[in-house]
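The values are calculated or read from the model by the stated rules, or taken from the named source; none is laboratory data. These figures come from a predicted structure and were not determined experimentally. Reconstructed Cβ throughout: ideal geometry from the backbone, glycine too, with neighbour counts over all protein chains shown. Surface areas here come from the heavy atoms of the whole protein model, side chains and all, with no ligands, DNA or RNA. Shrake-Rupley method; radii C 1.70, N 1.55, O 1.52, S 1.80 Å.
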Amino acid sequence: MDTKKVFGLKALLLGVILLGSFGQAMAQAPAKIGYFDTGYVFSNLPEYKKIQSALDIYKKQLTAEANKKQKEMQSKIAEYQKLASAKPATPVAILQTRQQEITKLDQELRQFQQAARQQSLQKENALINPVTKKVQTSIDKVAKANNFAIIIKKEALLYEVPGDNISDLVLKDLGVTVTKKGNK
């Protein structure tokens, strides 16, 4: 057989194989993409509602303590102002002592407020992390069972197709029954 014919047959065979592979790749279904509404799911979880209540109580306690410290400092400032404007004049040493007390109280208040923010955040993370892990496990399970290749947070979407929302499926998997349809 002629070399040109053999080369032509090889090229034709390679073309048919490539065309078949390309056609097969085009025939495959596109990746199924779903989305998940975090706010909707968490707002329907009873344990999340309990966590929010506990956090609210904790934050109110911290706020009450901060307010108490703030009032104490305001009282010291008012006392200092009375002494500073008193006739006869209050000795400078007493005024300096009062000023130092106010400065110390102000520093303590700022430190308390910073520590309270950190403690509040730590408590929130400690309480919410187990629920978040539970929800993530459910998302993974639902996605796998329904052949979703990708799940995106609803908040990141610019356009949504209602049938691709897995939020109610996740709630069902978690054993939560939603009576009204608020997941749009």
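Note on Leu109 and Gln52: the model spin-label points, each 7 Å out from Cα along the C-beta direction, lie 3.2 nm apart.
Working out 0.36 nm times the residue gap between Asn129 and Glu79, then minus their Cα-Cα distance, what length gain in nm do you get to one decimal? Don't jump to the answer; show the numbers that get you there.
Values: separation 50, 0.36 × 50 = 18.00 nm, distance 4.71 nm.
Using 0.36 nm per residue and subtracting the Cα-Cα distance, I get 13.3 nm.
With 22 Å as the limit, the listed pairs Lys49/Lys123; Lys50/Lys144; Lys144/Lys172; Lys134/Lys172; Lys123/Lys154; Lys59/Lys104 have Lys50/Lys144; Lys123/Lys154; Lys59/Lys104 beyond it between alpha carbons. Projecting the Cα atoms of Gln114, Gln136, Ser167 onto the dipole axis of segment 114-167, where Lys and Arg carry +1 and Asp and Glu carry -1 at the beta carbon, places Gln114 farthest toward the positive end. For segment 84-162, the fraction of 1.4 Å probe accessible surface lying on carbon and sulfur atoms is 55 percent. On the basis of the beta-carbon distance and an R0 of 25 Å, Gln136 and Glu65 show a calculated FRET efficiency of 0.10. Per-residue 3J(HN,Hα) values for segment 138-148, derived from phi via the Karplus relation 6.51 cos²θ - 1.76 cosθ + 1.60 with θ = phi - 60°, read 5, 4, 4, 5, 5, 4, 5, 5, 10, 6, 7 Hz in sequence order (x marks Gly and Pro). For segment 47-182, the Kirkwood estimate of hydrodynamic radius, built from reciprocal distances between every pair of different alpha carbons, is 20.0 Å.
Probing with 1.4 Å while keeping every protein chain in the model, the per residue accessible area of segment 99-170 equals 71 Å².
Close amide H contacts of Tyr35 (hydrogens built in the peptide plane, cut-off under 5 Å, sequence separation of 5 or more or a different chain): Ile152, Asn165, Ile166.
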